[in-house]
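The values are calculated or read from the model by the stated rules, or taken from the named source; none is laboratory data. All values reported here derive from a predicted model rather than from experimental measurement. Note that each Cβ is placed from the backbone with ideal geometry, even for glycine, and that neighbours are counted across all protein chains shown.
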Amino acid sequence: MTPAPPPTTRRWPLERVLFALAGSVTLVSALLAAVVSPWFLVLTAFVGVNQWLFAATRACPTSLLLTRACGLRSSLYPVPEVRGGQVPLS
């Protein structure tokens, strides 16, 4: 059995960046809720809603922003190939 070739880029995939960003915002929100005001827990709820959006629809506002602004690509949901000018339906 031959080992897999090394990856061609060292960039993180979209899912890994989203997971790191969601975890960071959740931790900061919990800290702010403990120190400043419990209203910062609304930010934690917002993160949770966005995570469910991504799981259900393969897109959330943050994933769209990261895809367009930073050029990140999903490792779980690759972009379908365009053949003959048509995008596959499935």
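If we scan the stretch 45-68, do we find a residue that is modelled with pLDDT of 90 or more, surrounded by 14 or more Cβ atoms within 10 Å (Cβ to Cβ) and of a type in the set (Gly, Ala, Ser)?
No, the stretch 45-68 contains no residue that is modelled with pLDDT of 90 or more, surrounded by 14 or more Cβ atoms within 10 Å (Cβ to Cβ) and of a type in the set (Gly, Ala, Ser).
Restricting attention to the stretch 75-90, does a residue exist that is modelled with pLDDT of 90 or more, farther than 24 Å from residue 14 by Cβ, assigned to a loop (DSSP other than H, G, I, E, B) and more than 17 Å from the chain's Cα centre (by Cα)? Break it down stepwise before answering.
Residues of the stretch 75-90 that are modelled with pLDDT of 90 or more, as a first pass: none.
No, the conditions are met nowhere in the stretch 75-90.
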